[in-house]
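Here is the structure we will look at, set down as structure tokens.
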Amino acid sequence: MYGDPATIRKILTEHGDTWAVVGLSNNSDRAAYGVARVLQRFGKRVVPVHPKAETVHGEPGYPSLEAIPFPVDVVDVFVNSALAGQVADEAVAAGAGAVWFQLGVTDPEAFERTVAAGLDMVMDRCPAIEIPAL
């Protein structure tokens, strides 16, 4: 359900190539840094979203989803589960088409709200693991 293969494929192949990665900074020890690099190798534009608003992998960062001045297709969430539901709600408000919660990030209530709002969503999966399998 939360990692439905058809939904994973749809998000990775049909939702567009602009991914806002919430929690992405220049800290190369963090998982978001490596996952963003993999997404770029597969043709995705990675937009860093972090309070520091750092430029990462050549893309300027923004302090929040609402600060991004262009549409994003997918919101990839690297914050802890306690904060992830709020990010999913912000993704809905921003008009994203899909939300992706990374490995270990779960919030069943946020999943239900996001899907009910018409977005595709995957939870507790990693696009850097899933995309090469396509």
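The values are calculated or read from the model by the stated rules, or taken from the named source; none is laboratory data. These figures come from a predicted structure and were not determined experimentally. Positions of Cβ are backbone-derived with ideal geometry, glycine not excepted, and every protein chain shown enters the neighbour counts. The accessibility values were calculated without ligands, DNA or RNA, using every heavy atom of the protein model including side chains. Shrake-Rupley method; radii C 1.70, N 1.55, O 1.52, S 1.80 Å.
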Self-check item: Matching residues, region 80-130, being among the β-branched types (Val, Ile, Thr), open to solvent by less than 10 Å² (accessible area, probe 1.4 Å) and touching a residue at least 60 places away in the same chain (Cβ under 8 Å)
Solution: Val122
Quiz item: Can you tell me how many residues in region 35-63 are outside any helix (DSSP H, G or I) and of a type in the set (A, V, I, L, M)?
Solution: 5
Self-check item: region 1-26 residues that are touching a residue at least 40 places away in the same chain (Cβ under 8 Å), paired with ones that are acidic (Asp, Glu) and open to solvent by less than 10 Å² (accessible area, probe 1.4 Å) (beta carbon under 9 Å, 6 or more apart)
Solution: Trp19/Asp76; Ala20/Asp76; Val21/Asp76; Val22/Asp76; Gly23/Asp76; Leu24/Asp76
Quiz item: Does region 78-90 include one or more residues that are among the polar types (S, T, N, Q), outside any strand (DSSP E or B) and closer than 15 Å to Ala117 by Cβ?
Solution: yes
Quiz prompt | Given (1) within 21 Å of Glu109 (Cα to Cα); (2) among the small types (Gly, Ala, Ser); (3) surrounded by 19 or more Cβ atoms within 10 Å (Cβ to Cβ), number of the condition Ala32 does not satisfy | solution = (1)
Quiz item: From the list Thr13, Thr18, which residue is closer than 17 Å to Cys126 by Cα, among the polar types (S, T, N, Q) and either touching a helix residue (DSSP H, G or I) at 6+ places or on another chain (Cβ under 6 Å) or surrounded by 14 or more Cβ atoms within 10 Å (Cβ to Cβ) (or both)?
Solution: Thr18
Practice problem: Out of the residues in region 35-48 that are open to solvent by less than 10 Å² (accessible area, probe 1.4 Å) and touching a Leu at 6+ places or on another chain (Cβ under 9 Å), state the one that is nearest to Ile131 (Cα to Cα). | Solution: Ala36
Quiz item: Can you spot a residue in region 53-67 that is open to solvent by 10 Å² or more (accessible area, probe 1.4 Å), of a type in the set (Val, Ile, Thr) and touching a helix residue (DSSP H, G or I) at 6+ places or on another chain (Cβ under 7 Å)?
Solution: no
